[in-house]
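Visitor: My structure is below; once you've seen it, I'll send some questions.
The values are calculated or read from the model by the stated rules, or taken from the named source; none is laboratory data. All figures in this text were calculated on a predicted structure; none of them were measured in a lab. Heads up, the Cβs are rebuilt from the backbone with ideal geometry, glycines too, and the neighbour counts pull from every protein chain shown.
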Amino acid sequence: MRVLALVVLATLATAGEAALPAAVPPPVYTAAVTGEVLHANVLRVLGLVLYDVQAAPRLADGVLTFAACQALAYGGALAGEVSVDLASGVQRYQLALKGADLAAFLREFSGLDDGTSGVVDLTLDLTVPPGEALGMTGRGTIVIKEANLLRIGLLASLLVGSVQSAGSQDSASARFEFAGGRVRLDGAYVATPDALFRLRGSVGLDGNLDLLVLPRAQFGALRAIWGLGDLLAIGLRSLGSRVARARIRGHISRPVVVLDPFGE
């Protein structure tokens, strides 16, 4: 009887284990957000002060996106999209600023208020790692038009002879890339009715400068000399560029010009 009882108990125990339900994995929840347009009176993004900010938030696959962004900034209009990967903290900015006031820009970022003026169009495509603005990567473009740029004294001082800006006829353009905590210029130039400045080098995100400037006087009046005008203008432009080329060091708020006539 004792053996039979043990067999019965073992059978019941085995049956009880078999009757237990299989382990059920916990449910997987995915969050999503779609909603109304958000509005903020004032917002600071990437150092830019934005006003009357509007954006449409959405959350999908762990990425929070502010789509159809619109704002006013420095007298211009900003549009684009901002996204944040909530798992990694990486931020992505795709922005375009149109018609901004160059003078307001300079006062904000460099403290300059010397009468320099112009209209700025700017595009940015940036990826910013969490908590590390110096590690940002990306690229952008800037175009300045209807400008008065020779009020920036260091530019005028690089030219051979006296050059007068005609006012609101200067322009500038550059492509740039962010890498290693610096903004590296590509194809950058400043043009006036009397001169053309080409720039190479980089500007640190901390404001430190490392630029090579190659100015060329236009000598437009010499072209009126029939037969010899173009040759004289080309020769003098080349000479002026070699003599007046310079490196710009120091901080963007206090640039230091070092003449480097035969530097590369």
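Visitor: Any chance you could count how many residues in the stretch 170-195 are over 21 Å from the mean Cα position of the chain (by Cα) and surrounded by fewer than 17 Cβ atoms within 10 Å (Cβ to Cβ)?
Guide: 1
Visitor: From the residues in the stretch 131-148 that are out of contact with any strand residue (DSSP E or B) (no Cβ under 8 Å at 6 or more places or on another chain) and touching a residue at least 24 places away in the same chain (Cβ under 8 Å), which one is farthest from Leu106 (Cα to Cα)?
Guide: It comes out as Gly131.
Visitor: Within the stretch 130-147, take every residue that is of a type in the set (Gly, Ala, Ser) and more than 14 Å from Gly80 (Cβ to Cβ) and give me the one that is surrounded by the fewest Cβ atoms within 10 Å (Cβ to Cβ).
Guide: The qualifying residue surrounded by the fewest Cβ atoms within 10 Å (Cβ to Cβ) is Gly131.
Visitor: Looking only at strands (runs of 3 or more DSSP E) that lie completely in the stretch 60-129, which have at least 2 residues being at pLDDT 95 or above, of a type in the set (D, E, K, R) and buried (at least 16 other Cβ atoms within 10 Å of the Cβ)?
Guide: Correct list: 91-101, 117-128.
Visitor: Pick out the one residue from Gly75, Gly131 that is in contact with a helix residue (DSSP H, G or I) (Cβ under 7 Å, 6 or more places away or on another chain) and either at positive phi or acidic (Asp, Glu) (or both).
Guide: Gly75 is the lone residue from the list that is in contact with a helix residue (DSSP H, G or I) (Cβ under 7 Å, 6 or more places away or on another chain) and either at positive phi or acidic (Asp, Glu) (or both).
Visitor: If you take the residues in the stretch 26-59 that are among the hydrophobic types (A, V, I, L, M, F, W, C) and closer than 16 Å to Leu124 by Cα, which one is modelled with the lowest pLDDT?
Guide: Leu46
Visitor: Has the stretch 102-125 got at least one residue that is within 21 Å of Leu59 (Cα to Cα) and not aromatic (Phe, Trp, Tyr)?
Guide: Within the stretch 102-125, one or more residues are within 21 Å of Leu59 (Cα to Cα) and not aromatic (Phe, Trp, Tyr).
Visitor: A further question follows. Need pairs with beta-carbon distance below 7 Å; first residue basic (Lys, Arg) and within the stretch 107-128, second not in a helix (DSSP H, G or I); sequence gap 6+ or separate chains.
Guide: Pairs that qualify, where the first residue is basic (Lys, Arg) and the partner is not in a helix (DSSP H, G or I), are Arg107/Asp113.
Visitor: Still on this model: Please specify each residue of the stretch 165-198 satisfying the condition of being farther than 25 Å from Leu124 by Cα and part of a strand (DSSP E or B). Steps first, please.
Guide: So the first thing to find is which residues in the stretch 165-198 are farther than 25 Å from Leu124 by Cα, and the list is 165-169, 192-196.
Passing the criteria: Ala195, Leu196.
Visitor: Let me ask you something else. Considering only the stretch 148-169, I want to know if a residue exists there that is modelled with pLDDT of 90 or more and surrounded by 14 or more Cβ atoms within 10 Å (Cβ to Cβ). Can you show your working first?
Guide: Initially, the stretch 148-169 is screened for residues modelled with pLDDT of 90 or more, giving none.
Scanning the stretch 148-169 turns up no residue that is modelled with pLDDT of 90 or more and surrounded by 14 or more Cβ atoms within 10 Å (Cβ to Cβ).
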